[in-house]
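Chemist: What follows is a single structure, and I will ask about it in a moment.
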Amino acid sequence: MTVAIDRATGKRRGERGPRPGLGRRLKHGYHRHWYAYAMIAPVAVVLGVLVLYPLVYGLYLTLTDANSLNTARTIGVNHIDATYEFIGLDNYRDILFGPTSYDRFWSHFIWTIVWTALCVALHYSIGLGLALLLNKELRGRTFYRLLLILPWAVPTFVTVFGWRFMLADGGIINSALDTLHLPAPLWLEDTFWQRFAAVMVNTWCGVPFMMVSLLGGLQSIDSSLYEAAEMDGANAWQRFRHVTLPGLRSVSSTVVLLGIIWTFNQFAVIFLLFGNSAPDAQILVTWAYHLGFGQQPRDFAQSAAYGILLLAILIVFTSFYRRWLNRNEQQLAI
């Protein structure tokens with residue numbers, strides 16, 4: 001076997017030289033891409049101040065017993081130093097396995113899972129149905145699109161307050177039920193109807209986004225696929241199952257994942273609809289707010305621990321969800 005040698009360097013031709021050190025690679029990358037670094041630097045600074053620092057500080061608080069009585073504060077001209085102590089993982093142990101763990105965490109966790117599943121299922125099913133209708137040649141289709149997008153265009157707090165007024169004891173909904181001689185539920189007082197109302201209001205707010213996203217996915221499906229399926233004798237259900245749903249797979253996977261994350265952390269609907277008056281209807285994110293700002297003394301450490309647990313749950317779920325999607329795509333490719 002003949003090996004070609006470069007006479008100038010004494011190295012074999014095609015042989016790679018030693019890899020430069022980390023400092024040299026960073027210096028070379030900076031000189032080559034300094035403009036890109038300069039452009040993203042303001043964004044990196046803002047993210048560091050608004051996201052990274054609160055996250056690191058919140059993680060630190062979870063390892064302490066900080067509350068509104070032992071943190072540093074100023075009363076008039078008097079400054080009181082912080083007296084909270086480092087307690088390690090005791091907050092997590094108390095939340096997950098303490099004597100009141102079910103009432104303080106697991107009951108809210110179960111309701112959060114049910115709330116998320118119901119809302120996302122309703123968002124997707126109703127949004128898909130409306131998208132299928134609006135994708136057809138329909139007189140006044142543009143008007144219907146504008147009308148159905150309004151709940152998403154209106155600010156959330158306006159929508160929720162409007163629903164709160166309608167769901168009150170003397171609101172329009174109960175007045176209409178009284179007129180029809182039907183029982184008027186206690187929408188804002190009874191636990192079951194509080195949860196029902198929360199799902200209903202969140203569905204109203206979330207369907208337009210799902211509808212618009214799926215409508216865009218429907219319009220990207222090649223119409224020749226439907227023509228070929230119809231020529232093969234496929235009925236409407238078979239065309240929907242074997243053409244529409246596979247054509248929406250990439251869009252559906254993305255919007256469902258976004259819907260799960262947004263609904264799991266949906267603070268505005270629950271808080272604006274009930275405030276602190278419905279403890280059994282609180283999901284984890286609103287319950288964490290209640291612990292940190294809605295009671296006395298305010299438990300900053302436990303509230304921060306809830307936030308870290310929420311982040312961990314979403315990271316784990318997203319990882320498994322993406323892995324499951326990739327595995328299904330590989331199986332379909334085979």
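Chemist: Can you confirm whether the stretch 185-201 contains a residue that is free of Cβ contacts under 8 Å to residues at least 60 places away in the same chain, assigned to a helix (DSSP H, G or I), out of contact with any Phe, Trp or Tyr (no Cβ under 9 Å at 6 or more places or on another chain) and buried (at least 16 other Cβ atoms within 10 Å of the Cβ)?
Modeler: No: zero hits.
Chemist: Mind listing just one residue for me: the one in the stretch 203-257 that is of a type in the set (Ser, Thr, Tyr) and closer than 20 Å to LEU148 by Cα and, of those, surrounded by the fewest Cβ atoms within 10 Å (Cβ to Cβ)?
Modeler: SER252
Chemist: State all residues of the stretch 91-115 that are open to solvent by less than 70 Å² (accessible area, probe 1.4 Å) and of a type outside the set (Phe, Trp, Tyr); if no residue qualifies, say none.
Modeler: Hits for the stretch 91-115 are ASN91, ASP94, ILE95, LEU96, GLY98, THR100, SER101, ARG104, SER107, HIS108, THR112, VAL114.
Chemist: Name the one entry in THR263, THR286 that is closer than 30 Å to THR71 by Cβ, in contact with a helix residue (DSSP H, G or I) (Cβ under 8 Å, 6 or more places away or on another chain) and β-branched (Val, Ile, Thr).
Modeler: Sole residue among the options that is closer than 30 Å to THR71 by Cβ, in contact with a helix residue (DSSP H, G or I) (Cβ under 8 Å, 6 or more places away or on another chain) and β-branched (Val, Ile, Thr): THR286.
Chemist: Additional query: Let me confirm something: among LEU132, LEU128, LEU118, which residue is more than 19 Å from VAL201 (Cβ to Cβ), surrounded by 15 or more Cβ atoms within 10 Å (Cβ to Cβ), in contact (Cβ under 8 Å) with a residue 12 or more places away in the chain and touching a helix residue (DSSP H, G or I) at 6+ places or on another chain (Cβ under 6 Å)?
Modeler: LEU128
Chemist: Restricting attention to the stretch 285-302, which residues are modelled with pLDDT of 90 or more, of a type outside the set (Val, Ile, Thr) and within 26 Å of GLY162 (Cβ to Cβ)?
Modeler: TRP287, TYR289, HIS290
Chemist: Which one is nearest to LEU186 (Cα to Cα), of the residues in the stretch 258-267 that are of a type outside the set (Val, Ile, Thr) and open to solvent by less than 20 Å² (accessible area, probe 1.4 Å)?
Modeler: Taking the candidates together, the pick is PHE264.
Chemist: So, in the stretch 33-51, how many residues would count as being aliphatic (A, V, I, L, M) and either over 30 Å from ILE95 (Cα atoms) or modelled with pLDDT of 90 or more (or both)?
Modeler: Total meeting the criteria: 9.
Chemist: Looking only at the stretch 158-167, decide whether some residue is touching a Pro at 6+ places or on another chain (Cβ under 8 Å) and touching a residue at least 24 places away in the same chain (Cβ under 8 Å).
Modeler: Within the stretch 158-167, one or more residues are touching a Pro at 6+ places or on another chain (Cβ under 8 Å) and touching a residue at least 24 places away in the same chain (Cβ under 8 Å).
Chemist: When you check THR244 against the structure, is it more than 26 Å from VAL316 (Cα to Cα), under 28 Å from the mean Cα position of the chain (by Cα), in a helix (DSSP H, G or I) and among the polar types (S, T, N, Q), yes or no?
Modeler: Considered against the rule, which asks whether it is more than 26 Å from VAL316 (Cα to Cα), under 28 Å from the mean Cα position of the chain (by Cα), in a helix (DSSP H, G or I) and among the polar types (S, T, N, Q), THR244 comes out as yes.
Chemist: Can you name the residue in the stretch 268-290 that is without any contact (Cβ under 8 Å) to a residue 60 or more places away in the chain and touching a Ser or Thr at 6+ places or on another chain (Cβ under 6 Å) and, of all such residues, is surrounded by the most Cβ atoms within 10 Å (Cβ to Cβ)?
Modeler: Checking each candidate, the answer is ALA288.
Chemist: Take ILE113 and tell me if it is within 18 Å of the chain's Cα centre (by Cα) and in a helix (DSSP H, G or I).
Modeler: For ILE113, the condition - within 18 Å of the chain's Cα centre (by Cα) and in a helix (DSSP H, G or I) - is met.
Chemist: Just give me the residues in the stretch 31-89 being part of a loop (DSSP other than H, G, I, E, B), of a type in the set (Val, Ile, Thr) and open to solvent by less than 80 Å² (accessible area, probe 1.4 Å), in sequence order.
Modeler: THR62, THR71, ILE87
Chemist: Quick one: which helices (runs of 4 or more DSSP H) lie wholly within the stretch 264-334 and hold at least 2 residues that are closer than 19 Å to ILE95 by Cα and of a type outside the set (D, E, K, R)?
Modeler: It comes to 284-293, 300-333.
Chemist: Let me ask something else. Specify the residue that is least open to solvent (accessible area, probe 1.4 Å); the eligible residues are those in the stretch 158-184 that are in a loop (DSSP other than H, G, I, E, B) and of a type in the set (Gly, Ala, Ser).
Modeler: GLY171
The values are calculated or read from the model by the stated rules, or taken from the named source; none is laboratory data. For clarity, every value in this text was computed on a predicted model and none was experimentally measured. Here the Cβ is made from the backbone with ideal geometry for all residues, glycine too, and neighbour counts use every protein chain on show. Side chains included, ligands, DNA and RNA excluded: accessible areas come from the protein's heavy atoms. Shrake-Rupley method; radii C 1.70, N 1.55, O 1.52, S 1.80 Å.
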